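Undergrad: Following this message is one structure expressed as C-alpha cells.
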Amino acid sequence: MTKSLPTDLAVIPDKGVDGAAARLTPERVARVIQILLAEEGGARLKVYTETCVHCGLCSEACHFYLSNDKDPRFAPAAKVKQTLDPMIRKNGRVSVDFMKKACEIAFTECNLCRRCVMYCPFGIDISYLMLFVRRICHRLGMVPQYIQDTAHSHSATLNQMWVKEDEWIDTLQWQEDEARDEIPDLRIPLEKQGADVMYSVIGPEPKFRAQLIYQAAVIMHAAGVDWTMPATPGWDNSDMCMYTGDSEMMARLKKVHFETAMRLKTKRIVMGECGHAFRSVYDVGNRHLGWKMPPLPMVHAIEFYYELFRDGKLSLAKKYDVPLTLHDPCNVVRGRGLHEMARFVIHKTCTTFIEMHPNREHNYCCGAGGGVINCGPPYAKKRVEGNRVKADQLAAAKAKGARVIIAPCHNCHGGLEDIVKYYELDMEIKFLGDIIYECIEKGEVDS
Amino acid sequence: MMHELYGFLRGPMLWVALLVFFGGSGYRVAAMWRLARKKDAVIFNYSSGYYALRSIFHWLLPFGSRNMRNHPVMTVVAFVFHICLFLVPLFLSAHIILIKESWNVSWPWLPDHAADAMTWMVVAGCGFFAARRIIQPDVRYLTSTSDYLILAAIAVPFVSGTWAFHQWPAFPAATLVHMASAEILLMIIPFTRLSHMLFFPFTRGYMGSEFGAVRKARDW
Amino acid sequence: MEHRQWDWDIGKKKIADFHQWRDLYKQVQEPVVSPDGETLAAVVEVEDMVFSVCENGKLWENTFDRIWYPRFGPNSRLAALVSTEAAWTVATADCPWEAVFDFVWDPRFSACGGHISAAAQNEGQYNAVTDGVAWNASYPSLSGLAMANDGTKTAAVVQTVPFNSGDIFQFQEGCYSAAVNGKPWEHNFLNLWELNFSPDGRSLAAEARTTLYDYTIVVDGMPWPASFESVWKPVFHPADGSVTAPVRKSGKWFLAKNGAIIWEKPFLQLWHHQYSRDGRCIAAIVAPAFGKWTVAVDSRPWSLHFSDLVTDLAISPDGNRVACVGCTDGRWAVAVDNRCWNDRFDMVWQPVFSPDSRHVAAKVEKQGRFFILVNGRPLKQTFSELWDPVFSPDSTRLMVRGIEDQNSGHYCRYVFQLSDLV
Ligand code: HEM
Ligand code: SF4
Ligand code: SF4
C-alpha cells in the first residue's frame, strides 16, 4: 500500500542522478536489481526486511524524522518501505523515477549512523539496507554528482581530493618547514621503514586543513613517538566508495592503505580524527578483502591521545579553560566505543566539560556522515534542516555554558559547522587535537 | 456435521497445524542459516555467545533498553501482551485437560479467572496495537493490510476461546472458530512477520555480537 | 661490481661510527646501507636548514635546502632527491642532474643500477625523467611510475583527456591511458593501475577499469577479452610473454591467464602472485576462507595458516621452496614450505633465500632489538638497526649489516660462515 508521494518531496535535481536517469531503461533497472538481489542479497537482507514488524519503534531514533516534524516518511523503517520493499516485492520492476527517489532517500536521508539499530527491538540494521540500495544505485550508475566525483578521485588518485602524488609530498614538507619555525628539531619522517606508527589522514587534510598535519607532527614530536608518513598513495584512509556502493573500489583503497603500512613495516596505523574512515578501515573495507580485523592494529586518534596521556607521554603547559561540550561521532562511538577515552582526554586537558544530551552511544548524528555531506550543495539545505534536533541539542549545551564543541571527526566538523551557522548558534568547533596542541608542552619530553 | 468438523479440527488438523508450525519454523530457520552460510558467511566470524546473550538479555528485560524507557506505555503493553500470548495457550486449564485426556500428561495450570484476564489482555493488546497503527502517523505509514490481518489472526482465537469457555450464545460455533483460527495462527507464524519470534534471537544476537565484540559499544 | 667481487672474507668490519654523527650534526636522518654493505649514508643537517649527505663519515660537497629519500641502487651508488631554492632534481653520488624541476619524486633504479628514473612536474605538467632526460610529452597528471628492468623504458598512468572538475560523465568515458616513454596507448580507460613491464621490457601490462564496474587486464593497450568484478596486479611469465592476474568473479578470486581462468579453485582472496625464475611454478598469497591466510603454490594452499595476514612472499631461486611472513593475533612469524618457524616476533621482514635455495634468512624485531634468523635459528648479536641479510653467491656465507646496540653504536658489516651458523 505504498502511498503516492506528495509533491513537496519531489526529487531534488542533481546532475549525477538526472544524467543517469536519462540513460536508464526500466528493463535495465529491473535486471540490475534482480542480479544484485540474487547475488548479494543474503540472509541479512531477507531477515531484516521480513522480520520488521512495522512497529515504528525506530522512528524516534532518527534525527531526520525528529527534525522534519516527525514526518513518517523519514522514519528509518519507512525508508525501507519506500526503497527496498517495492524492489523486492516487484522483483526489480520499478520505474526509473522510482529509482531517482530511492537514490535520494538512500544517499541523502540516511547518514548510516546506526542509531536506529539501538532502538529497534530486533536490531534491524537500516544502514545496511540503505547501503544495499546505494549498491544498486552504483550499479545503475545513478549516484549524486558530488559524491560520485569524489569516488572518481579515489579511483584515479587513491585519495579523496584529487591530490596528486607530488602535491602530497610537497604538503608534508611544507608543513614540516612551518613547524620547524616553531620547534626547530621537529620532523615529519617520510617513508621511515620500521617505525612504530604510520600516521594516515583523509584527503581533505592536505587539501584544506594542512594545519592538522602540522599539529599531529607537534604532538608526535612532543610525545616522542617513533612515527612515519608514507610518500606514496596509500596515505589516505578515507573512503567515499564505501558510501557510494562501490565496494570493489573501497576494497582497492583499503588494500593500498594497509599494504602501505605493511611495506613500511610499521607495527600499527594511527589515524587522524575521522569517523567514516575509521569505519572503512576497521570493520567494512578490511572485511571485503578477507581480513577479519584490520591486518595491522588501527588506532583512532582519540584512542591514541588517550594512550599518550595515560602513559604520561604528554605534559601540559596549561588547561583549556573555555567551557566545552563533546559531540560523540557515530563511527567511533557506536562504531568503536571510544567515548570514555575521549572524555578521559578532555578531563585531562580542559577545565569545564558540559555533557550534551543524549550522549555516548545515544548521541544524535551530525547529519553529515554516511556520505550525505559529500552529496554536495544540492542537498545541503535538506541536510541542515534535517538535523534541527542537533541544533536543539547543541543549544541546550550552550544554555548550560558550553561555547566550544569538540567533534573528533572530520565529517562531524563539516556537519556541525553548517548547523551552527544555519541555526545561528555561535559556537566554535574544534578537534581534540586542536585542544591538545594548544595545551601541551611542545618541547621533547624525557622518557 | 459440526461434530465431524470438531473431530477434524481436534484430530488431523491439529496435527497438521503443529507439523506446519514446528516444521515450518525449523525449515525457515534452517533455510536462513544455510543462506547466511552461503551469502553472509562473514558474520559467523563475529558471533560471540557472550555479547549475543548480553544484548538479548537487555532486550528481553522490561525497560532494559533506553527505547523501552522512552515509551513506557508501549513497553508495558508489549510485555504484558507477549507474556500473556505465550502463557495462556500453554497453561490454560482447558487445554491441559484436553491434553491429559489424550496423552495422560499434565502440568500446573493457571487459575481460570487469571487466564481469562490474561486473554483479555492479549485482546486489549491487539486493540492497542491496532489503535497505534491508526493513530500514530509513523506507524500508520509503515502499516500495510497484512499487519491488521496479523492482529486479527491473534485476536480471533483468543476472543473465540473465551467465548467458548464462558459458553456465550452459539458457543459451539465459537469453539470451532477458536480451534480453526488457532490452528491457522500456528501455521502462519513461520511464514509471516510473526516469524519475528523465530528470528529475534538471531538478529539481536548478531547485532549484540557486532556491537559488543567488534565495536566495543552497547546496543540497548 | 658483481656480488662475487664483494668482500666475502669472514669477519667483522667496522664501517662507520654512526652515533658520533649525531654529535656532529644538528639532525641525522634515517641511515641507509649499500647492498654490498660497505657504505652507510644518511641525510644530515649541517647548518640551520642546510642539508648534505654523510657517507661513511664523509659529507657530500654539495649542500641543499632539502634532501630526502636517499636510496642505494643495486650497484651501490647512492641517489637522493634534492632541492635548492624550490628547484628539485636527483643527485647521484654527490652529483645532481643538470635538469631541475618544480618537483621530482619516486626514483627508480634499473636492474643493474645504471639508470635512474623519476616522476617529474613542471608548472603543473607531468612526465617522467630518466638520467636527467625528460619525456618529450607531458600531461596534466601522472601516477604509478614503472620502469623496465634494463632502464630503457618508463611508463606511467597519465591523463589524456581533460575534464572539468565534477564532470562525472566525461570521466566515465575514460580519460586515462598509460604512456610509455611519453607516448600514450591508443585507448583510454576509466582507471589504470599497477603498470608492470615484461622482463624483457617489450610489453607493459596494467590493471584497468573499463566501466564503473568492469575490470580487466590491459597488455600494450589491448584489454583482455573478458572482464571481471575486480583484478589485481598482472605479472608476465618470465619467458613466454603470457600474462597472469588475480581476477574476481561471483565474489571469489581466481588466477587468470590471458583472460581465461587457470586456477579453478576459488579463493576468498588471492594476490601478489609470483613466478619462479624458470616460470614453472606460481605462488600467491591467498585466503582459502575468511580470516585464514596462507600461501598457495600452483593453486594448492598450504595447510598452515595465519589469522591476521600473510605478506612478503618469496620463492627460492630453484623454484622449489616458498617462504612468507605471517601474523596471527599480532604475533609475527616466518613460514617456509608450509612450516612455521618456532618463535614469534614484533615484526618480520621478507625472508631471503640463498642462491642454492637451501637456506633462508630473515630480519626480525623483538622488543625494540633486531636480529637475524637463519633457517629458524637466531644469530647471537642483536642490533639497534639492521638491514636484510645477504647470502654470498656460492651460498656458503652470510653478510649481516647492522648498527650494534651495545656500547659502540658502530655500523658494522659481518660475514659469517654459514656452516658455523647452521
Ligand atoms: C521473544 C521474542 C519476541 C519479541 C522480542 C517480540 C517483539 C515484538 C515487538 C517489538 C512487537 C512490536 C509491537 C508492535 O506491533 O507495535 C511485537 C509485536 C507482536 N508480536 Fe512479538 N515478539 C516476540 C515473540 C512473539 C511471539 C512468540 C508471538 C506469537 C505469535 C508474537 C506475536 C506478536 C504480535 C501478534 C504482535 C503484534 C503485531 C502488530 O502490532 O501488528 N511475538 N513483537
Ligand atoms: S540516519 Fe541513522 S537513525 Fe536515521 S535511518 Fe539512517 S541509520 Fe537510522
Ligand atoms: S523498530 Fe525495527 S521492527 Fe520496528 S519498524 Fe523499526 S525496523 Fe521495523
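Undergrad: Taking only C-alpha pairs under 8 Å that are 6+ residues apart, what is the relative contact order of segment B:50-214 in percent?
TA: Computed over segment B:50-214, the figure is 27 percent.
Undergrad: Cut-off under 18 Å on the C-alpha distance; same-chain residues fewer than 8 positions from A:Lys442 excluded. Which aspartates and glutamates are left, in chain and number order?
TA: The qualifying aspartates and glutamates are A:Glu176, A:Asp177, A:Glu178, A:Asp181, A:Glu182, A:Asp185, A:Asp226, A:Glu307, A:Asp311, A:Asp434.
Undergrad: Along its principal axes, what span do the Cα atoms of segment A:278-374 show, with the longest given first and each in whole Å?
TA: Over segment A:278-374, Cα extents along the principal axes are 45, 32, 22 Å.
Undergrad: A further question follows. Among the listed pairs A:Lys254/A:Lys430; A:Lys254/A:Lys292; A:Lys390/A:Lys421; A:Lys164/A:Lys382; C:Lys58/C:Lys366; C:Lys26/C:Lys380, which have their C-alpha atoms separated by more than 24 angstrom in this model?
TA: Violating the 24 Å Cα-Cα cut-off are A:Lys254/A:Lys430; A:Lys164/A:Lys382; C:Lys58/C:Lys366; C:Lys26/C:Lys380.
Undergrad: With 5 Å bins from zero, work out the P(r) of segment A:332-371 over every alpha carbon pair and list the percent per bin.
TA: 6, 19, 26, 27, 16, 6, 1
Undergrad: Right, next: Can you give me the C-alpha center-to-center distance between segment A:376-447 and segment C:287-331, rounded to a whole angstrom?
TA: For segment A:376-447 versus segment C:287-331, the Cα centre distance is 46 Å.
Undergrad: Which loop-located GluC sites (Glu not before Pro) does segment C:1-95 contain, where loop means any DSSP state but H, G, I, E or B and the Cβ has at most 13 other Cβ atoms within 10 Å?
TA: C:Glu2, C:Glu61, C:Glu85
Undergrad: Now, a different point. Which value in Å does the Kirkwood hydrodynamic radius of the protein assembly as shown take, with 1/r averaged over all unlike C-alpha pairs and then inverted?
TA: For the protein assembly as shown, inverting the mean 1/r across all distinct Cα pairs yields 32.2 Å.
Undergrad: Go ahead and run the numbers for FRET between B:Arg10 and C:Ala111, Cβ-Cβ distance against an R0 of 56 Å, rounding to 0.05.
TA: The computed FRET efficiency comes out at 0.05.
Undergrad: With r as the distance between the Cβ atoms of C:Arg202 and C:Cys281 and R0 = 25 Å, compute the FRET efficiency 1/(1 + (r/R0)^6) and round to 0.05.
TA: For R0 = 25 Å, the calculated efficiency reads 0.60.
Undergrad: While we're on this one: Using R₀ = 60 Å, calculate the FRET efficiency as 1/(1 + (r/R₀)^6) where r is the Cβ-Cβ separation of C:Arg22 and A:Thr25; round to 0.05.
TA: 0.30
Undergrad: May I pose another question? Pick from B:Trp107, B:Trp163, B:Trp120 the residue whose mean-square fluctuation is largest in a GNM of chain B, springs joining Cα atoms under 10 Å.
TA: With Cα springs under 10 Å in chain B, the top fluctuation among B:Trp107, B:Trp163, B:Trp120 is at B:Trp107.
Undergrad: To continue, here is another question. Two decimals, Cα atoms only, Kirkwood Rh: what is Rg/Rh over segment C:303-350?
TA: Checking Rg against Rh, the ratio lands at 0.96.
Undergrad: So, in nm, how far is label B:Ala170 from label B:Val73 when the simple model puts each one 7 Å beyond its Cα toward the Cβ?
TA: 3.4
Undergrad: Could you name the lysines whose alpha carbon sits less than 18 Å from that of C:Lys183, not counting residues in the same chain fewer than 8 places away?
TA: Result set, ordered by chain and number: C:Lys153.
Undergrad: How long are the semi-axes of the ellipsoid equivalent to chain A, from square roots of 5 times the Cα gyration tensor eigenvalues, in whole Å, largest first?
TA: Its equivalent ellipsoid spans semi-axes of 38, 25, 18 Å.
Undergrad: Leaving out ligands, DNA and RNA, what percent of the accessible area of segment B:50-214 is carbon and sulfur, probe 1.4 Å?
TA: 78
Undergrad: Could I have the simple spin-label model distance between C:Phe290 and B:His82, label points 7 Å from Cα toward Cβ, reported in nm to one decimal?
TA: Label-label distance for C:Phe290 and B:His82, simple model: 2.7 nm.
Undergrad: Further question on the same structure: With springs only between Cα atoms under 10 Å, which of A:Arg135, A:Arg89, A:Arg268 fluctuates most in a Gaussian network model of chain A?
TA: Comparing A:Arg135, A:Arg89, A:Arg268 in the GNM, the peak value goes to A:Arg89.
Undergrad: Here is a further query. Do any residues of segment A:175-199 show a loss of at least 40 square angstrom of accessible area between the isolated chain and the full protein assembly, using a 1.4 Å probe, and if so which?
TA: For segment A:175-199, once contacts with the other chains are taken into account, A:Arg180, A:Arg187, A:Glu191 lose 40 Å² or more.
Undergrad: Set Lys and Arg Cβ to +1 and Asp and Glu Cβ to -1, take the dipole of chain A about its Cα centre, and tell me which of A:Thr260, A:Val404, A:Met356 lies farthest positive.
TA: Selected residue: A:Met356.
Undergrad: According to the Kirkwood expression over distinct Cα-Cα pairs, how big is the hydrodynamic radius of segment C:21-100, in Å?
TA: So the Kirkwood estimate lands at 12.5 Å.
Undergrad: Could you state the accessible area per residue of chain A in Å², with a 1.4 Å probe and every protein chain left in place?
TA: 30
Undergrad: Just tell me how shielded A:164-174 is by partners: mean number of partner chain Cβ atoms within 10 Å of each residue's Cβ, no decimals.
TA: 5
Undergrad: For a label point 7 angstrom out from the Cα of C:Arg369 toward its Cβ, which stretches of segment C:379-398 have the backbone nitrogen within less than 19 Å?
TA: Flagged as within label range: C:379-389.
Undergrad: Using a 7 Å offset from the Cα along the Cα-to-Cβ direction at both C:Arg4 and B:Ala130, what is the distance between the two label points in nm, to one decimal?
TA: Label at C:Arg4, label at B:Ala130, 9.8 nm between them.
Undergrad: Mind listing the long-range amide H neighbours of C:Leu78? Cut-off is under 5 Å, sequence gap 5 or more, other chains count too, H placed in the peptide plane at 1.01 Å from N.
TA: Answer set, sorted by chain and number: C:Gly73, C:Ala93.
Undergrad: List the accessible area buried at the contact between A and C, summed over both sides and calculated with a 1.4 Å probe, in Å² to the nearest 100.
TA: Chains A and C together bury roughly 4900 Å² of accessible area.
Undergrad: May I ask you to give the percent of accessible area on chain A that is carbon plus sulfur, with a probe radius of 1.4 Å?
TA: The computed percentage sits at 52.
Undergrad: Take chain B, connect every pair of alpha-carbon atoms lying under 10 Å apart with a spring to form a Gaussian network, then pick out the residue of B:Ala124, B:Ala182, B:Ala170 with the largest mean-square fluctuation.
TA: Looking only at B:Ala124, B:Ala182, B:Ala170, the largest GNM fluctuation is found for B:Ala170.
Undergrad: How are the Cα pair distances of segment A:159-307 distributed, in percent, across 5 Å bins from 0?
TA: Using 5 Å bins, I get a P(r) of 2, 10, 21, 24, 22, 13, 6, 2, 1, 0 for segment A:159-307.
Undergrad: Find the sum over both chains of the accessible area lost when B and A are paired, probe 1.4 Å, and report it in Å² to the nearest 100.
TA: In total, this chain pair buries about 4600 Å².
Undergrad: Can you count the Lys pairs in segment A:15-143 whose Cα atoms are under 13 Å apart, with each pair 8 or more apart or on different chains?
TA: 4
Undergrad: So, one more: Report the relative contact order of chain C, percent, no decimals, based on alpha-carbon pairs under 8 angstrom and at least 6 residues apart.
TA: Relative contact order of chain C: 9 percent.
Undergrad: So what is the relative contact order for segment C:1-76, in percent, with contacts set as C-alpha pairs under 8 Å and at least six apart?
TA: Reported relative contact order: 25 percent.
Undergrad: Also, quick follow-up: Checking a compactness column here: for segment A:324-439, what do you get for Rg(Cα) / (2.2 N^0.38 Å), N being the number of residues?
TA: Dividing the Cα radius of gyration by 2.2 N^0.38 Å gives 1.00.
Undergrad: For A:Ser200, what residues show an amide H to amide H distance below 5 Å, using hydrogens built from the backbone and excluding near sequence neighbours?
TA: When sequence neighbours closer than 5 places are left aside, the close amide H contacts are A:Val270, A:Met271, A:Gly272.
Undergrad: Another question, then. From Cα coordinates alone, what are the radius of gyration and Dmax values for segment A:15-143 in angstrom?
TA: Taking only Cα atoms of segment A:15-143, I get Rg and Dmax of 14.1, 41 Å.
Undergrad: Same structure again: Short version: which residues of segment A:112-134 lose at least 30 Å² of accessible area, all chains versus chain alone, 1.4 Å probe?
TA: So the qualifying set is A:Arg114, A:Val117, A:Met118, A:Tyr119, A:Pro121, A:Phe122.
Undergrad: Next question. Using 0.36 nm per residue, how much length does the chain from A:Arg89 to A:Glu385 gain when fully extended, once their Cα-Cα distance is taken away?
TA: Stretched fully, the A:Arg89-A:Glu385 segment lengthens by 103.3 nm.
The values are calculated or read from the model by the stated rules, or taken from the named source; none is laboratory data. Computed from a predicted structure; not experimentally measured. We place every Cβ from the backbone using ideal geometry, glycine too, and count neighbours over all the protein chains shown. Ligands, DNA and RNA are excluded from the accessible area calculation, which covers all protein heavy atoms including side chains. Shrake-Rupley method; radii C 1.70, N 1.55, O 1.52, S 1.80 Å.
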